[in-house]
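See below for the structure under consideration.
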Amino acid sequence: MYLAVILLTMLVLPIGSMIAEHAAGPAPWTLLLGKWFVFWAVGVRLSLAGVRQFFQPAFTAEQIFHIDRPEVLPLVRELGVANIATGVVGLASLAAPAFVLPVAISAGIFYCVAGIRHAMERGRSGNETIAMISDLFVFFVLAAFAGSVLAG
């Protein structure tokens with residue numbers, strides 16, 4: 001299930017949305033990239049992750065961070081709230097396109113740091129490897145979008 005959610009929200013649905021919108025009426029690919037990756041990979045993905053971290057913090061603590069101690073669960077819940085907050089702004093970017101670039105920058109930083117942290121982990125679990133690859137992939141997509149927009 002975890003892999004399916006990652007593949008859908010961080011690859012299949014953003015690319016499918018880009019193709020569908022471009023087919024409906026030509027739009028610059030760069031803008032479509034930012035719009036749909038911010039919506040799906042940030043808005044939907046981080047909202048879903050945040051809800052799970054808030055209501056089932058043990059999954060993230062054990063499967064991603066390799067910590068089996070109840071003392072960390074409040075911190076995982078706080079991470080969940082931060083992910084929900086970022087996700088909500090990503091979702092709102094469809095109604096407020098001015099949100100796309102700032103969300104891409106802030107989420108890009110988050111995904112970069114998370115991906116690097118996963119990459120440095122010895123004895124990575126399968127879920128952590130999936131998280132690492134998807135985090136770094138989305139970081140590069142968001143960085144390419146932001147760099148393109150900022151470069152003019």
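The values are calculated or read from the model by the stated rules, or taken from the named source; none is laboratory data. Because the structure is predicted, anything quoted here is derived from the model rather than measured. Glycine also receives a Cβ, built like all others from the backbone with ideal geometry; neighbour counts cover every protein chain displayed. We work out accessible area using only protein heavy atoms, side chains counted, and drop any ligands, DNA or RNA first. Shrake-Rupley method; radii C 1.70, N 1.55, O 1.52, S 1.80 Å.
Taking VAL51, is it modelled with pLDDT of 95 or more and open to solvent by less than 50 Å² (accessible area, probe 1.4 Å)?
On the way: modelled with pLDDT of 95 or more: yes; open to solvent by less than 50 Å² (accessible area, probe 1.4 Å): no.
Here the answer is no, as VAL51 does not meet what is asked.
Scan region 25-45 and tell me whether some residue there is open to solvent by 30 Å² or more (accessible area, probe 1.4 Å), in a helix (DSSP H, G or I), over 20 Å from PRO97 (Cβ atoms) and of a type in the set (A, V, I, L, M).
Checked against the condition, which is being open to solvent by 30 Å² or more (accessible area, probe 1.4 Å), in a helix (DSSP H, G or I), over 20 Å from PRO97 (Cβ atoms) and of a type in the set (A, V, I, L, M), region 25-45 yields no hits at all.
Among the residues of region 54-106, write down those that are among the hydroxyl-bearing types (Ser, Thr, Tyr) and either free of Cβ contacts under 8 Å to residues at least 24 places away in the same chain or part of a loop (DSSP other than H, G, I, E, B) (or both).
Our first condition is that a residue be among the hydroxyl-bearing types (Ser, Thr, Tyr); within region 54-106, this holds for 60, 86, 93, 106.
Answer for region 54-106, where residues must be among the hydroxyl-bearing types (Ser, Thr, Tyr) and either free of Cβ contacts under 8 Å to residues at least 24 places away in the same chain or part of a loop (DSSP other than H, G, I, E, B) (or both): THR60, SER93, SER106.
Can you spot a residue in region 121-136 that is modelled with pLDDT under 95, more than 17 Å from PRO14 (Cβ to Cβ) and of a type in the set (Ser, Thr, Tyr)?
The answer is yes; a qualifying residue exists.
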